[in-house]
Amino acid sequence: MGQEMKVIVFKLGTEEYGIDVDKVQTIERMLPITRVPKTYAFVKGVVNLRGVVIPVIDLRGRFGLPETELTDQTRIIIVSASDMEVGFIVDSANDVIDLDTDSIDTPPEVVGGIKAKYLDGVARISEERLLIMLNLSEVLNKSEIIQLESIEG
C-alpha cells in the first residue's frame, strides 16, 4: 500500500480531475472577474477574495478545450502554486476522496486531448472511474507565473 492522500475532485466536461487537497486554499462560487489586458487568453482576469487580488485561469482554455457557459455548478478553485495563489475556473467541484498513491499510474502521452506534461498521473478509483491528477507546476509554467505575478496587486 502506498500513502493515502486527500484529493479534491473537479470536472471539466465529462472528465474528472484531481488536485492534492494540500494545494487547495478554498473553493468559491463564481466571483466577479476583472479583465486584465495583454494576458494569455485563458487568463480570465483577477478576483478580489477577502482583500487579496488573485489571478484567475480558465482551465478549459488552458487545456485547449471548448469554452462553455457558466452554470450554478461552476466553481473557482483557489490553489497555492510556487508561492502564489491562483484561481482555476472549473465546471464543478463537489468531491473530496482518499486516494492510495499506488493507484496513480503515469499518464499516457495525451489524455482527453490534454498533453501529458500537465498531468501527474491517472488514478484508478474503480473499474469505470478514472481521475486525472493535475501537475500544478506545469499548468502554471514559469513564464506564465512571472506574468501572473505582475498582475497580483
Seminar exercise, completed: Result of the Cβ filter at 6 Å on the range 51-76, keeping first residues that are outside any helix (DSSP H, G or I) and partners that are open to solvent by 40 Å² or more (accessible area, probe 1.4 Å) and among the acidic types (Asp, Glu), at least 6 apart or interchain, is Val53/Glu152; Ile54/Glu85
Problem set entry | Condition check for Thr39: of a type in the set (S, T, N, Q), touching a residue at least 12 places away in the same chain (Cβ under 8 Å), surrounded by 13 or more Cβ atoms within 10 Å (Cβ to Cβ) and touching a helix residue (DSSP H, G or I) at 6+ places or on another chain (Cβ under 7 Å) | yes
For this session: Give the residues of the range 1-36 that are open to solvent by 90 Å² or more (accessible area, probe 1.4 Å) and either in contact with a Phe, Trp or Tyr (Cβ under 7 Å, 6 or more places away or on another chain) or free of Cβ contacts under 8 Å to residues at least 24 places away in the same chain (or both), sorted by residue number.
Result: Thr14, Asp22, Pro32, Arg35
Seminar exercise, completed: The condition of being open to solvent by 40 Å² or more (accessible area, probe 1.4 Å), among the acidic types (Asp, Glu), modelled with pLDDT of 90 or more and farther than 17 Å from Ile8 by Cα holds, among Asp98, Asp72, only for Asp72
Exercise. In the range 48-63, what residues are within 15 Å of Lys11 (Cα to Cα) and either more than 10 Å from the chain's Cα centre (by Cα) or open to solvent by 10 Å² or more (accessible area, probe 1.4 Å) (or both)?
Worked result: Asp58, Arg60, Gly61, Arg62, Phe63
For this session: Specify which of the listed residues (Lys38, Lys11) is in a strand (DSSP E or B) and farther than 16 Å from Asn135 by Cβ.
Result: Lys11
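The values are calculated or read from the model by the stated rules, or taken from the named source; none is laboratory data. Owing to the predicted nature of the structure, the values given are computational and were not obtained by experimental measurement. Neighbour counts run over all protein chains shown; Cβ positions are idealised from the backbone, glycine included. For accessibility, only protein heavy atoms count, side chains too; no ligands or nucleic acids. Shrake-Rupley method; radii C 1.70, N 1.55, O 1.52, S 1.80 Å.
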